[in-house]
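Since the structure comes first, as structure tokens, the remarks are kept for the end.
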Amino acid sequence: MTDKYTQLVSQGLGRNIARKLGLPQPALLRRYTPGEALISGPILIQGSTAAADQLAATLLSWDLDVRRHAVPREKLGAIILVLDELASPEDLEKPVLSVASSLRDLAPSGRFITLSRPADGSGTPSVAAARQGVDGFLRSVAKELRAGATANGILLPEGVAATSPSALAALRFFLSGRSAFVDGQFLTVSTADGQLPSDFDKPLAGKVAVVTGAARGIGAAIARTLHRDGATLVLVDIPAAGDHLAAVANEVHGTALQLDIAREDAGQRIIDHAIQRHGRLDVVVHNAGITRDKLLANMDHSRWNSVLNVNISAQLRINDALLASEHFRDSPRIVSVASTSGIAGNRGQTNYAASKAGVMGMVSATASLLSARGGTINAVAPGFIETEMTARIPFAVREVGRRLNSLQQGGQPTDVAEAIAFLASDGAGGINGAVLRVCGQNLVGA
Ligand code: NAD
């Protein structure tokens, strides 16, 4: 549910009052429903390179309404700016200014997407400066857009084409309502691997997926989203949450496994359950997590240890079991839930931020182990998401956390779930070791 303030100021009298008083006016975001159009309104593709032409041809083959030149005052669903051949910062001016006036024509919940090359590893200082320039440019555009529109970038190393499977899968993700709360972010497509699904509304058909911490909150939303996308589910949570877990499992026609993931044998128990009940194991989503907030000056052993143990040590142990298993070898996928606290830090959360930064370190170092078996591991870092965890935050702190992002609202559990479903899909097979923030472009910290 969108928060009450956002509902109040999105229509009628509330909208007028908020406008007059200069109060934040968060938009109702466009979110994905199966079967709906990928985007409403034409897509303007700007850029003079061969990649821009190839991309336009592919989008046309998907029956999308594609424009190579702006028509003044025509409402646009999306603007895609292809910047894959920048040699110096001067090269930015022409393409960037060519889309400038079209920004005014971007529809509510419209999309601005760049395709460019990562700066690291690029040849000369001039090339690196141009490529890094796209970073600052895109993040600033995201802060200028209004009415639920977002700006995100896809990074393609040399040798990975704009029409490679994961570049196209990432483009579809950013265009669609699946990425409603992803804003101001870059996603690197590291290889030309991956395979687009035969049915874009069922990208996880035939997969068996495990979700930890699935009894409520973000975990329950992940279970519902993966089920909607075609996966068969194994839902894990602690025995004390057994009733809620059973209810979610019934809803998504999956099986429930009551298990504390901090147990030494948790990984083997998960594998055994998936194989015995469903015959295979393709996707593991490490979502279970806890907070035990205290300023470091007041931190005790139990608070520090329990958070580190559940949030990162358990994931490391489960991954060891998965990597040792003969049942996790067919293009396996791991997606871990991190947090923007692990990127920017957060007062009172030294233990939590250490654990979540640890998740990102683990993901980066595990990527090569997964790619050796045709698999991937990635992390999703949520910002402020409306759940029972954040409902416990005192009102004033909660209101600040919720509004201080470019979309001026908290995200929904389903927003995190959509990013995870995307990274778990075959289409994302060329994305490995990445961290995708789902935070509405948090203005605090990173
Ligand atoms: P939540 O507290 O509502 O749900 C967490 C679930 O994990 C619960 O069902 C709980 O029983 C389960 N769990 C806890 N310890 C477990 C264990 N040892 N074994 C098995 N299950 C266990 O939390 P949420 O808000 O849904 O958060 C889900 C994930 O998202 C967590 O990793 C959290 O750190 C992360 N996150 C949340 C937010 C947010 O704003 N809510 C922001 C950033 C990251």
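Checked against (1) out of contact with any helix residue (DSSP H, G or I) (no Cβ under 9 Å at 6 or more places or on another chain); (2) touching a residue at least 60 places away in the same chain (Cβ under 8 Å); (3) under 24 Å from ARG280 (Cβ atoms), SER364 passes all but condition (3).
Residues of the stretch 248-291 that are among the charged types (D, E, K, R) and either closer than 22 Å to THR387 by Cβ or within 12 Å of the ligand (Cβ to nearest atom) (or both): GLU251, ASP260, ARG263, ARG269.
Of a type in the set (D, E, K, R), in contact with a strand residue (DSSP E or B) (Cβ under 9 Å, 6 or more places away or on another chain), within 16 Å of the ligand (Cβ to nearest atom) and within 27 Å of ASP3 (Cβ to Cβ) - does that describe any residue in the stretch 333-349? Checking the stretch 333-349: not a single residue is of a type in the set (D, E, K, R), in contact with a strand residue (DSSP E or B) (Cβ under 9 Å, 6 or more places away or on another chain), within 16 Å of the ligand (Cβ to nearest atom) and within 27 Å of ASP3 (Cβ to Cβ).
If you go through the stretch 407-423 and keep only what is among the polar types (S, T, N, Q), away from the ligand (no atom under 12 Å from the Cβ) and out of contact with any helix residue (DSSP H, G or I) (no Cβ under 6 Å at 6 or more places or on another chain), you end up with just GLN408.
Among the residues of the stretch 217-237 satisfying the criterion of being assigned to a helix (DSSP H, G or I) and among the hydrophobic types (A, V, I, L, M, F, W, C), which is farthest from the ligand (Cβ to nearest atom)? Once the filter is applied, the top-ranked residue is LEU226. So, of the residues in the stretch 424-446 that are buried (at least 24 other Cβ atoms within 10 Å of the Cβ) and within 20 Å of HIS227 (Cβ to Cβ), which turns out to be nearest to the ligand (Cβ to nearest atom)? Checking each candidate, the answer is VAL438.
With the structure loaded, tell me whether GLY206 is surrounded by fewer than 22 Cβ atoms within 10 Å (Cβ to Cβ), more than 18 Å from the chain's Cα centre (by Cα) and at pLDDT below 95 or whether it fails that test. Considered against the rule, which asks whether it is surrounded by fewer than 22 Cβ atoms within 10 Å (Cβ to Cβ), more than 18 Å from the chain's Cα centre (by Cα) and at pLDDT below 95, GLY206 comes out as no.
One residue stands out in the stretch 376-397 among those that are of a type outside the set (Phe, Trp, Tyr) and more than 10 Å from the ligand (Cβ to nearest atom): the one that is nearest to THR340 (Cα to Cα), namely ALA379.
One line per residue, one yes/no per condition, for (1) closer than 22 Å to PRO413 by Cα; (2) in a loop (DSSP other than H, G, I, E, B); (3) under 20 Å from the mean Cα position of the chain (by Cα):
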{"site": "SER336", "(1), (2), (3)": "yes, no, yes"}
{"site": "GLY342", "(1), (2), (3)": "yes, no, yes"}
{"site": "ARG347", "(1), (2), (3)": "no, yes, no"}
{"site": "ASN351", "(1), (2), (3)": "no, no, no"}
{"site": "SER355", "(1), (2), (3)": "yes, no, yes"}
{"site": "VAL359", "(1), (2), (3)": "yes, no, yes"}
{"site": "ALA367", "(1), (2), (3)": "no, no, yes"}
{"site": "ARG373", "(1), (2), (3)": "no, yes, no"}
{"site": "VAL380", "(1), (2), (3)": "yes, no, yes"}
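Annotation: of all residues in the stretch 207-216 being in contact (Cβ under 8 Å) with a residue 40 or more places away in the chain and not basic (Lys, Arg), the one that is farthest from the ligand (Cβ to nearest atom) is VAL208. Looking only at the stretch 175-210, how many residues end up being in contact with a Leu (Cβ under 8 Å, 6 or more places away or on another chain) and more than 12 Å from ASP229 (Cβ to Cβ)? Of the residues in that region, 16 qualify. Cβ separations smaller than 8 Å between residues 6+ apart or across chains give the following pairs from the stretch 407-420 residues that are within 26 Å of SER166 (Cβ to Cβ) to residues that are at pLDDT below 95 and more than 12 Å from the ligand (Cβ to nearest atom): LEU407/PRO26; LEU407/ALA27; GLN412/MET1; GLN412/THR2.
The values are calculated or read from the model by the stated rules, or taken from the named source; none is laboratory data. This structure is a prediction, so every number in the text was calculated from the model and none was measured. All Cβ positions, glycine included, derive from the backbone under ideal geometry; neighbour counts span all protein chains shown.
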